[in-house]
Amino acid sequence: MLAEFRTKSQITLPKDIVTALGLKEGDKLDVFEKDGMICMIPVAVYPKKYVDTLQEEISTLKENIRTGKQPLFDSIDALLNKLEES
């Protein structure tokens, strides 16, 4: 498939690609050059506050695992069984 390079450095992605990737208006793409190729990868962008909150939760979980305060499960079934008991 060919795409034409237009004014203001714009191109139109072929509809087949847009459909196959489920892209819609407003989606973000990481665009970079690698070995002479232009690469575009769809990305999800989250607000900084959301990412900071997740990082805090992960740090807390890691500390709880390290100190033995966080229960560990061998399988999803074991986790679900424990949740059903509550």
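The values are calculated or read from the model by the stated rules, or taken from the named source; none is laboratory data. Keep in mind the model is a prediction, meaning the values are calculated, not measured. We place every Cβ from the backbone using ideal geometry, glycine too, and count neighbours over all the protein chains shown.
Among the residues of segment 48-68, the ones that are modelled with pLDDT of 95 or more and in a loop (DSSP other than H, G, I, E, B) come to 0 in all.
Within the option set Lys62, Lys49, being basic (Lys, Arg), under 24 Å from the mean Cα position of the chain (by Cα) and either assigned by TED's automatic domain parsing to the domain that holds Lys28 or under 30 Å from Lys28 (Cα atoms) (or both) holds for one residue only, Lys49. For segment 40-86, taking the residues that are in contact with a strand residue (DSSP E or B) (Cβ under 9 Å, 6 or more places away or on another chain) and aliphatic (A, V, I, L, M), the one that is nearest to Ala3 (Cα to Cα) is identified as Met40. As a summary of the residue check, Gln70 satisfies the conditions (1) polar (S, T, N, Q); (2) out of contact with any helix residue (DSSP H, G or I) (no Cβ under 9 Å at 6 or more places or on another chain); (3) surrounded by 10 or more Cβ atoms within 10 Å (Cβ to Cβ) except for the one numbered (2). For segment 1-23, the criterion of a residue being within 16 Å of the chain's Cα centre (by Cα) and exposed (fewer than 10 other Cβ atoms within 10 Å of the Cβ) is satisfied by at least one position. For the condition basic (Lys, Arg), free of Cβ contacts under 8 Å to residues at least 12 places away in the same chain and farther than 30 Å from Ala3 by Cβ, Lys34 does not qualify. Mind checking whether some residue in segment 27-35 is modelled with pLDDT of 95 or more, more than 16 Å from the chain's Cα centre (by Cα) and not charged (D, E, K, R)? Scanning segment 27-35, I find at least one residue that is modelled with pLDDT of 95 or more, more than 16 Å from the chain's Cα centre (by Cα) and not charged (D, E, K, R), so the answer is yes.
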